[in-house]
Amino acid sequence: MTNENLIHYIHSIADNSLILGQRLSELCGHGPTLETDIAMTNIALDLFGQTRSYFQYAAELSNEDLTEDDIAFLRKERDYKNVLLVEQPNTDFAYIIVRQYFFDVYHYLLLKQLENSKNVNLQNIAKKSLKEVAYHRRFSGDWLKRLGDGTEESHERVQKAINDLWVYTDELFHMNEDDKIVANAGFGVDNSSLKDEYYQIISDLIKQATLEVPEIQYFQKGGKKGIHTEHMGYILSEMQYMQLAYPNMKW
Amino acid sequence: MSNVEKNTSQNEKSKSLEDIFEAKIARDEKIEPKDWMPEKYRKTHIRQISQHAHSEIVGMLPEGNWISRAPSLRRKVALLAKVQDEAGHGLYLYSACETLGISREEMYEQLHSGKAKYSSIFNYPTLTWADMGAIGWLVDGAAIINQVPLCSTSFGPYARAMVRVCKEESFHQRQGYEIMMTLCNGTQEQKDMAQDALNRWWWPSLMMLGPTDDESIHTEQSMKWKLKRKTNDELRQQFIDQTVPQADILGLKIPDEDLKYNNDTGHYDFGKIDWDEFWQVVKGHGPCNKERLKARNEAWDNGAWVRDAAVAYAEKHTDDESIRKAI
């Protein structure tokens with residue numbers, strides 16, 4: 001395993017947090033209640049905090065003179081390795097919650113394994129993040145139940161969101177070359193090992209929420225290889241705006 | 001007892017209650033929600049506290065406009081946390097106001113319909129990153145000057161909420177000033193951005209402290225109830241005196257040709273404020289009044305099915321203690 005492999009692995013974990021954090025922060029001030037607004041902002045803050053820990057470590061590992069911001073803001077779209085799920089838009093509160101729950105359960109299982117990484121930095125970040133993600137998962141899971149077993153309208157909306165976002169779940173368990181090398185070295189996690197438990201957990205909750213588990217067998221993929229949906233370019237052009245318009249300045 | 005006698009006796013009773021109430025305020029004791037209070041006191045407090053809460057919530061929008069474009073991760077996190085604090089302030093204030101017998105839904109309705117006001121400053125647009133610095137420095141700075149006296153106002157729940165709010169606001173102000181400082185120590189382009197932000201936010205910040213004393217209709221009564229400790233003009237002078245030296249440290253120029261230190265008074269003299277602009281914005285014709293109200297209305301309307309679902313779910317699961325607590 002080279003430093004490059006490890007750096008790419010860290011990027012791919014952190015990019016999920018960064019892009020989902022970016023999506024959630026678009027909602028700040030626009031939530032359905034003040035309480036949910038505050039809660040979703042908290043989740044975004046946690047995700048950005050995690051992103052910073054990962055990128056600071058990746059910057060240390062790099063031979064170049066990099067900062068966390070260079071990594072966050074100055075890569076090209078193809079170099080972001082987040083899964084397609086997290087870049088999906090804030091269509092409505094049902095999509096926001098389903099996207100969150102689908103990601104949170106995966107994130108939780110991933111961090112539980114990453115706690116056992118042979119790399120002490122990743123171990124520490126995972127330990128700290130796990131506490132936060134346990135809360136995220138409870139928040140999104142509770143809301144999924146409320147929406148599923150709430151009113152007829154909420155039931156329909158959340159079922160539609162589940163059906164639409166289901167196609168992005170399989171990619172969570174894909175491994176690119178760097179992931180495989182880092183997992184084999186005992187530093188990273190073998191994502192494919194999380195899959196059965198993941199589908200068990202989310203299917204149970206979907207049923208508990210009086211909803212149906214989709215029977216879709218065709219899935220979307222690409223993010224892990226840097227091939228994103230059309231949404232990604234817009235996310236980046238907004239996120240990178242200042243760094244690109246005013247290069248090489250301190251903020 | 002005849003009706004006349006009955007009325008007289010009631011008048012006497014409320015007169016003595018009013019005496020007790022006035023005496024409490026004079027002794028600097030707090031009025032609590034269950035205490036007797038004159039109807040006018042209740043109404044005035046509902047108006048002021050709900051306006052204050054609305055200002056926090058609408059105030060999330062201009063700064064929220066830059067979260068997705070913040071120039072660094074550190075700045076993004078700080079800005080997000082700041083806007084979240086404002087949501088928290090809104091929450092304390094709505095809760096304080098609810099103790100006076102109005103529901104949060106009623107207050108929202110007043111905001112959404114345009115009946116209730118909020119601070120006019122939030123009807124100005126945030127056009128560059130430097131606006132995040134200028135708002136923290138100037139707008140939060142003016143807000144602190146307005147709000148510190150409220151920590152010892154007579155209505156208990158409001159005073160206690162303000163203690164927390166002021167602590168956070170003072171942190172926000174330092175954060176804003178630090179953004180300005182970083183820009184002013186940066187490239188020429190960054191300094192220009194900072195100066196431009198100061199040029200646009202200076203006068204609206206002065207207006208934020210309210211109309212001049214002779215135009216302010218609520219001042220006298222509010223001073224009596226300790227809702228106000230200083231007049232608008234006194235607060236404005238305090239703000240100017242405090243801010244001019246801060247601008248000097250930044251190397252920025254306050255956009256007022258008449259601004260000059262007056263050795264006799266020990267204060268800065270300043271130019272004429274464009275009150276026509278102020279009243280125009282108050283009346284709903286500022287640059288962003290429509291956008292701000294539209295954003296709040298949309299968030300509320302789009303959230304209706306979510307709130308309905310939460311209530312419906314709670315009603316179906318009344319046996320579940322954790323759910324009742326969560327909603």
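The values are calculated or read from the model by the stated rules, or taken from the named source; none is laboratory data. Computed from a predicted model, the values in this text were never measured in an experiment. FYI the Cβ positions are ideal-geometry reconstructions off the backbone, even for glycines, and counts take in every protein chain you see.
Identify all residues within region B:38-91 that are farther than 26 Å from B:Gly133 by Cβ, surrounded by fewer than 24 Cβ atoms within 10 Å (Cβ to Cβ) and hydroxyl-bearing (Ser, Thr, Tyr); write none if there are none. Listed by number, the residues that qualify are B:Tyr41, B:Thr44. Of all the residues in region B:288-318, those that are touching a residue at least 24 places away in the same chain (Cβ under 8 Å) and either touching a Ser or Thr at 6+ places or on another chain (Cβ under 6 Å) or of a type in the set (S, T, N, Q) (or both) number 2. If the condition is being more than 7 Å from every other protein chain (Cβ to nearest Cβ) and not charged (D, E, K, R), then region A:31-41 contributes A:Thr36, A:Ala39, A:Met40. Taking the criterion of being within 13 Å of chain B (Cβ to nearest Cβ) and part of a helix (DSSP H, G or I), the residues of region A:54-86 that qualify are A:Tyr54, A:Phe55, A:Gln56, A:Ala58, A:Ala59, A:Glu68, A:Asp69, A:Asp70, A:Ile71, A:Ala72, A:Phe73. Among the residues of region A:148-160, the ones that are in a helix (DSSP H, G or I) and either among the acidic types (Asp, Glu) or farther than 16 Å from B:Gly303 by Cα (or both) come to 5 in all.
Name every residue in region B:108-127 that is within 20 Å of B:Gly303 (Cβ to Cβ) and in contact (Cβ under 8 Å) with a residue 60 or more places away in the chain, in order of residue number. B:Tyr108, B:Gln110, B:Leu111, B:His112, B:Gly114, B:Ala116, B:Tyr118, listed by residue number.
Residues that are surrounded by fewer than 14 Cβ atoms within 10 Å (Cβ to Cβ) and of a type in the set (D, E, K, R) were ranked within region B:270-290; the one that is nearest to the other protein chains (Cβ to nearest Cβ) is B:Lys290. Taken together, A:Ile216, A:Ile227 contain a single residue that is in a loop (DSSP other than H, G, I, E, B), more than 14 Å from chain B (Cβ to nearest Cβ) and modelled with pLDDT under 95, which is A:Ile216. Selection of region B:300-311 for residues being touching an Asp or Glu at 6+ places or on another chain (Cβ under 8 Å) and crowded, with 18+ Cβ neighbours inside 10 Å yields B:Trp305, B:Ala309.
Restricting attention to region B:28-80, the residues that are part of a loop (DSSP other than H, G, I, E, B) and among the aliphatic types (A, V, I, L, M) total 2.
At least 3 residues being aliphatic (A, V, I, L, M) and modelled with pLDDT of 95 or more is the threshold, and among the helices (runs of 4 or more DSSP H) wholly inside region B:217-324 those reaching it are B:232-250, B:289-302, B:304-316.
Could we say that A:Leu172 is in contact (Cβ under 8 Å) with a residue 24 or more places away in the chain, assigned to a helix (DSSP H, G or I) and under 23 Å from A:Thr229 (Cα atoms) here? Answer is yes for this residue. Which of the residues that make up region B:171-201 are farther than 20 Å from A:Ala245 by Cβ and touching a helix residue (DSSP H, G or I) at 6+ places or on another chain (Cβ under 7 Å)? Those that are farther than 20 Å from A:Ala245 by Cβ and touching a helix residue (DSSP H, G or I) at 6+ places or on another chain (Cβ under 7 Å): B:His172, B:Gln173, B:Gln175, B:Gly176, B:Tyr177, B:Met181, B:Leu198, B:Trp201.
Return the residue satisfying two criteria in turn: it lies in region B:134-184 and is of a type in the set (Val, Ile, Thr) and more than 17 Å from the chain's Cα centre (by Cα), and of such residues it is farthest from B:Thr231 (Cα to Cα). Among them, the one singled out is B:Thr182.
Applying a threshold of 9 Å to beta carbon distances and a minimum spacing of six or more residues, or different chains, the list of pairs starting in region B:29-50 at a residue that is more than 14 Å from B:Trp225 (Cα to Cα) and ending at one that is polar (S, T, N, Q) and in a loop (DSSP other than H, G, I, E, B) reads B:Pro33/B:Thr99; B:Lys34/B:Thr99. Checked against (1) facing chain B (nearest Cβ under 9 Å); (2) of a type outside the set (A, V, I, L, M, F, W, C); (3) without any contact (Cβ under 8 Å) to a residue 12 or more places away in the chain; (4) in a helix (DSSP H, G or I), A:Arg138 meets all criteria but (1). A:Cys28 meets the conditions (1) within 11 Å of chain B (Cβ to nearest Cβ); (2) at pLDDT below 95; (3) surrounded by fewer than 24 Cβ atoms within 10 Å (Cβ to Cβ) in every case but one. The failed one is (3). When A:Ser192 is tested against (1) of a type in the set (S, T, N, Q); (2) under 19 Å from the mean Cα position of the chain (by Cα); (3) not in a helix (DSSP H, G or I), just one condition goes unmet, and that condition is (3).
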